[in-house]
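K.L.:
Questions regarding the structure given below will be posed in turn.
The values are calculated or read from the model by the stated rules, or taken from the named source; none is laboratory data. Just so we're clear, the structure is a prediction, and the values are computed from it rather than from any experiment. Here the Cβ is made from the backbone with ideal geometry for all residues, glycine too, and neighbour counts use every protein chain on show.
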Amino acid sequence: MGVPPNPGSGRLANFHHWVQTHNAVVVIPVLVTITLGLLVNAIALGAGSGDSITNGFKITIVFLGILAIPALWICYSLVYRGRLSKVPACLVLTILLIISPVLVWGVGLYSKNASAGGTSTAQPPSTKPPPPPTPPTEGWQWWHHLSLDQKVFDNQNRQLSVALRGPDEIDVFAIDDAGQVWDAWGKGENWRWDKLPTNVKFGHGARQVTAVSRKTKTDPVQDTLDVFAIGDNGQVWRTLLDGRHWGDWAPLPAASVTFDTTAQSVAAVSRAPGKLDLFVMGTDGQVWGNYWEEGENSDSWATWFPIPGGEGFFAPDQHVGAVARSPNNLDLFVVRGGELWSTYWYLAANVWAGWQPQRAVAPWEPSGHGPHVQDNQRVAAISKSIAQYGQNNAGSGDQHAQITSGFDVFAIDTDGWVWSNFWAEGYNDNWSGWFKLGNLPLDKAQQVAAVARSLQNVDVFGLGADKRLLMTYWTGGTVWHPWAPPNNVGTEQFSPLQTIAAVSASPSALDLFAIGNDGLLWTAFWQAPKR
């Protein structure tokens, strides 16, 4: 007859007795819990390590982590059956198997980074090429009324101003015939009206308010909205959206010159958090500027100052286009004698350069041709990043400027053809030269709407000779798509005196707005189809 195994004595013997006594109630549930923990740990360290370790190390981690599970149960079996002499070795093996996945993970991490020439745990940059830019072809929703109470606006003498307040809110501003400013805000099919303060009314001649979104120094995430308008007294007024409350209209410091409320609107840019710059053509034919910076005395504006040029340099009915190509740069554009003139400011010098005709700074076509620009054109200027030349969410002088190092300008000549030019740091630090866009002219009364929604996407809109929407776009390279109506947008006609208001809340979205022939607000939008 065989001799039964000796259960031993001391602590192991006591533990053997305790295990047999509490096996079903305590021991088995604890072991099952530990088993599940080991399994989750092995999978998390192995399969969940992403690109931080190689596949060979991932397989080893999972294998060792799972191997610890049978080792644990073997130790339990030895204790339960009283084979205590083999328990210490089994426990040592089990503990080693439990901690080995962590050790292997550390070795794999070090090995991957060492082979890359560094010790950082950051993943190396992806070698996959970026996805191709999405052209705004498929995915348009037809022109339709905004889902709001009907408010009627003058489509011959009023223009819309549009601004983004974060990715989920678009604000569209217009002045009604009573001189009241309204804000339609929302996105998609969800819109509502805000009535701006009534302490100031803007006469029937006032064409447009200017809205600009900006970040604050204290909150770099949430956008704040500032709205500017020229009052009946010929001075500039401002209101500010704080949360969802509009403050009363307040006058900026009086300028030594007046601004024509029937012919002018304010060009406004925010070139950095907590900064605003304004520009307006004065009745004296000079461009005047003002600025504001967030600080202890946040209600204090500078004194209006003339941009060098002298009285009468421009016709008083010409418009100013403004763009910030970086936090430390500003560029202005005005038409003079059928030619585009420009000036610039940069922080290091802190002075404005003299006005120059574009012919002097930007080459024309090889044939010697260049744009003979329509009078009263407000040049569309958009700031862009030069990473692949083309990033921004800025518009034609009245939207939020990005931190950028380049910009594009667009203008219509006297025959309705759209011309473009661009400047980019690193592109010989010079202008590229003027070139004609597309295969069709726009209506001669039109102003260009332009927006860049990603590194390689620029979209330009206008009304054709048939008063219907046309679009051209650029998706990198040197070729622009021919002018054509956006697919499925419909055949709605608009007054050629209406400028399309365009905005991009994300690289895959575009929203367009206009006052219809019925005086109501119309919109069309594009959402890139999911691939």
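K.L.:
Select, from THR134, THR94, the only residue that is modelled with pLDDT under 90, assigned to a loop (DSSP other than H, G, I, E, B) and out of contact with any Asp or Glu (no Cβ under 7 Å at 6 or more places or on another chain). Reasoning before the result, please.
P.N.:
Numbers: THR94 fails: assigned to a loop (DSSP other than H, G, I, E, B).
One residue alone meets the criteria, THR134.
K.L.:
A further question on this structure: Any idea which of VAL334, VAL266 is of a type in the set (A, V, I, L, M), over 23 Å from ASN421 (Cα atoms) and either under 29 Å from the mean Cα position of the chain (by Cα) or surrounded by 16 or more Cβ atoms within 10 Å (Cβ to Cβ) (or both)?
P.N.:
One residue alone meets the criteria, VAL266.
K.L.:
Does segment 253-263 contain any residue that is under 24 Å from the mean Cα position of the chain (by Cα) and either modelled with pLDDT of 95 or more or over 23 Å from GLY354 (Cβ atoms) (or both)?
P.N.:
no
K.L.:
Quick one: which residue in ASP226, ASP248 is at pLDDT 90 or above and either outside the structural domain of ASP511 (by TED's automatic domain parsing) or part of a loop (DSSP other than H, G, I, E, B) (or both)? Break it down stepwise before answering.
P.N.:
On the way: ASP226 fails: either outside the structural domain of ASP511 (by TED's automatic domain parsing) or part of a loop (DSSP other than H, G, I, E, B) (or both).
So the residue among ASP226, ASP248 that is at pLDDT 90 or above and either outside the structural domain of ASP511 (by TED's automatic domain parsing) or part of a loop (DSSP other than H, G, I, E, B) (or both) is ASP248.
K.L.:
Here's another thing I want to ask about it. If I go through segment 288-317 residue by residue, how many of them are within 17 Å of LEU340 (Cα to Cα) and in contact with a strand residue (DSSP E or B) (Cβ under 6 Å, 6 or more places away or on another chain)?
P.N.:
Selection size over segment 288-317: 3.
K.L.:
So is THR218 within 27 Å of the chain's Cα centre (by Cα) and either assigned by TED's automatic domain parsing to the domain that holds SER270 or farther than 18 Å from ASP260 by Cα (or both) or not? Don't jump to the end; show me each part of the working.
P.N.:
Numbers: within 27 Å of the chain's Cα centre (by Cα): yes; either assigned by TED's automatic domain parsing to the domain that holds SER270 or farther than 18 Å from ASP260 by Cα (or both): yes.
So THR218 fits the description; yes.
K.L.:
Still on this structure: Name, by its number, the condition in (1) in a strand (DSSP E or B); (2) touching a Ser or Thr at 6+ places or on another chain (Cβ under 8 Å); (3) under 23 Å from LEU196 (Cα atoms) that does not hold for ASN290.
P.N.:
(3)
K.L.:
Could you check how many residues of segment 470-490 are buried (at least 18 other Cβ atoms within 10 Å of the Cβ) and either within 24 Å of PHE422 (Cβ to Cβ) or outside the structural domain of ALA445 (by TED's automatic domain parsing) (or both)?
P.N.:
10
K.L.:
Continuing with this model, one more query. Considering only residues that are polar (S, T, N, Q), within 27 Å of ALA465 (Cβ to Cβ), part of a loop (DSSP other than H, G, I, E, B) and modelled with pLDDT of 50 or more, which ones fall in segment 394-426?
P.N.:
THR414
K.L.:
Could I ask something else about it? Can you tell me which residue among GLN159, GLN141 is over 19 Å from ASP248 (Cβ atoms), at pLDDT 90 or above and surrounded by 21 or more Cβ atoms within 10 Å (Cβ to Cβ)? Lay out the reasoning, then the answer.
P.N.:
Working: GLN141 fails: surrounded by 21 or more Cβ atoms within 10 Å (Cβ to Cβ).
That would be GLN159, the only listed residue that is over 19 Å from ASP248 (Cβ atoms), at pLDDT 90 or above and surrounded by 21 or more Cβ atoms within 10 Å (Cβ to Cβ).
Residues are listed down the side, and each one gets a yes or a no for (1) farther than 27 Å from ASN157 by Cα; (2) in contact (Cβ under 8 Å) with a residue 60 or more places away in the chain:
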| site | (1), (2) |
| --- | --- |
| ASP459 | no, yes |
| ALA465 | no, no |
| LEU469 | no, yes |
| GLY476 | yes, yes |
| THR491 | no, no |
| THR499 | no, yes |
| SER506 | yes, yes |
| ALA524 | no, yes |
| ALA528 | yes, yes |
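K.L.:
Same structure, new question: Do we find a residue being farther than 17 Å from PHE279 by Cα, outside any strand (DSSP E or B) and at pLDDT 90 or above anywhere in segment 203-213?
P.N.:
Within segment 203-213 (the criterion being farther than 17 Å from PHE279 by Cα, outside any strand (DSSP E or B) and at pLDDT 90 or above), the answer is no, since none of the residues qualifies.
K.L.:
Also: Return only the number of the condition from (1) touching a residue at least 60 places away in the same chain (Cβ under 8 Å); (2) buried (at least 18 other Cβ atoms within 10 Å of the Cβ); (3) under 21 Å from the mean Cα position of the chain (by Cα) that ILE515 does not satisfy.
P.N.:
Result: ILE515 passes all but (3).
K.L.:
Please tell me if GLY186 is assigned to a loop (DSSP other than H, G, I, E, B) and either at positive phi or not assigned by TED's automatic domain parsing to the domain that holds ARG158 (or both).
P.N.:
no
K.L.:
Can you tell me which condition THR224 does not meet? The list is (1) within 29 Å of the chain's Cα centre (by Cα); (2) surrounded by fewer than 13 Cβ atoms within 10 Å (Cβ to Cβ), and all the others hold.
P.N.:
Unmet for THR224, out of (1) within 29 Å of the chain's Cα centre (by Cα); (2) surrounded by fewer than 13 Cβ atoms within 10 Å (Cβ to Cβ): (2).
K.L.:
Taking segment 229-245, which residues are in contact with a strand residue (DSSP E or B) (Cβ under 7 Å, 6 or more places away or on another chain) and either in a loop (DSSP other than H, G, I, E, B) or aromatic (Phe, Trp, Tyr) (or both)?
P.N.:
Within segment 229-245, GLY231, GLN235, TRP237 meet the criteria.
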